[in-house]
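**Student:** One structure follows; several queries about it will come next.
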Amino acid sequence: MAHRRTRARFEDAIAGSAIEIVARQASDDQARVQDLVSGILIANPDLAGIWCTFSNQIVGAADALRIAGRKGVVLTGIDADRSIIERIKRGWVTGTAAQFPAEHGRLAAEAAFAHLAGQPVQDRYEVPVGLVTPENADAMSARIWKKMRSE
């Protein structure tokens with residue numbers, strides 16, 4: 001499950017490895033992703049892993065794995081919302097690259113204020129990313145969501 005540009009980067013990263021891509025699907029709809037992954041699991045009973053680009057895809061894929069009882073399939077992706085972290089803790093998602101919304105918002109606000117003040121703004125900003133795994137899920141959840149006030 002992937003968007004084109006992110007998928008291309010993923011495929012570049014695995015080029016030359018023993019990883020064989022058996023399916024490429026994309027959807028923004030969580031239920032549709034669940035259906036797609038269910039079909040992929042049926043067509044590929046020895047499937048070893050799934051990679052997704054964002055939360056709806058990860059959650060849909062995890063739910064398909066859970067329904068199929070396929071806990072041994074490695075599922076990774078990008079995003080670490082609370083529902084994904086919960087699925088990591090339950091063993092349905094192997095790990096995910098976490099973005100830090102509060103930090104991204106701070107950097108975006110600083111750039112906007114600098115622009116409005118007539119100051120130069122960078123073309124690119126390095127933003128933090130972390131890996132969430134079963135071993136650090138609680139600590140990463142606290143780090144990612146500590147400054148969010150919309151709870």
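Bear in mind these aren't lab numbers, they're just calculated from the coordinates by the rules spelled out. This structure is a prediction, so every number in the text was calculated from the model and none was measured. Cβ atoms come from the backbone with ideal geometry, glycine included; neighbour counts cover every protein chain shown.
**Student:** How much length is gained if the chain between E135 and L107 is pulled fully straight, taking 0.36 nm per residue apart and subtracting their Cα-Cα distance, in nm to one decimal? Could the numbers behind the result be given before it?
**Tutor:** Numbers: separation 28, 0.36 × 28 = 10.08 nm, distance 2.88 nm.
Here the answer is 7.2 nm.
**Student:** For helix 4-14, report the angle its Cα long axis makes with the longest principal axis of the Cα atoms of the chain; keep it between 0 and 90° and round to the nearest 10°.
**Tutor:** 70 degrees
**Student:** Can you tell me the length gained on complete extension of the stretch R7 to A43, counting 0.36 nm per residue apart and subtracting the Cα distance? Don't jump to the answer; show the numbers that get you there.
**Tutor:** Values: separation 36, 0.36 × 36 = 12.96 nm, distance 2.12 nm.
So the extension gain works out to 10.8 nm.
**Student:** For the chain, how big is the tail of P(r) above 17 Å, as a whole percent of Cα pairs?
**Tutor:** Values: 7419 of 11325 pairs.
That tail contains 66 percent of the Cα-Cα pairs.
**Student:** Put +1 on the Cβ of every Lys and Arg and -1 on every Asp and Glu Cβ in region 1-115; which of W92, A18, F113 then has its Cα farthest towards the positive end of the dipole?
**Tutor:** Result: W92, furthest along the dipole toward the positive end.
**Student:** What relative contact order, as a whole-number percentage, does the chain give when Cα pairs under 8 Å and 6 or more residues apart are counted?
**Tutor:** Details: 194 pairs, mean separation 27.7, N = 151.
RCO, the chain: 18 percent.
**Student:** Next question. Going by a ≥ b ≥ c, the root eigenvalues of the Cα gyration tensor, does region 79-151 fall in the rounded group (a/c under 1.5), the prolate group (a/b larger than b/c) or the oblate group?
**Tutor:** Working: a/c = 3.97, a/b = 2.48, b/c = 1.60.
Prolate is the answer for region 79-151, as a/c is 1.5 or above and a/b outweighs b/c.
**Student:** Sorting check: for 86-98, 115-127, 31-43, which peptide has the highest mean count of neighbouring beta carbons within 10 Å, and how do the rest follow?
**Tutor:** Sorting 86-98, 115-127, 31-43 by mean packing, highest first, produces 86-98, 31-43, 115-127.
**Student:** Something else: I'd like the per residue volume of the convex hull spanned by the Cα atoms of region 1-71, given in cubic angstrom.
**Tutor:** Convex hull of Cα atoms, per residue: 80 Å³.
**Student:** If you build a Gaussian network model of the chain, linking Cα atoms that sit under 10 Å apart, which residue out of F113, F100, F54 swings the most?
**Tutor:** Checking each option, the largest mean-square fluctuation is seen for F113.
**Student:** Can you pull a Stokes-Einstein diffusion coefficient for region 60-110 at 10 °C (1.306 mPa s), Rh from Kirkwood over Cα pairs, as a whole number of µm²/s?
**Tutor:** Details: Rh = 12.0 Å.
D = 133 µm²/s.
**Student:** Given the DSSP H assignment, sum -39500 (n - 2.57) over each helix run of at least 4 residues in the chain and divide by its residue total; what's the result at 222 nm in deg cm²/dmol, nearest 500?
**Tutor:** On the way: 6 runs with 72 residues, N = 151.
Per the formula, -15000 deg cm²/dmol.
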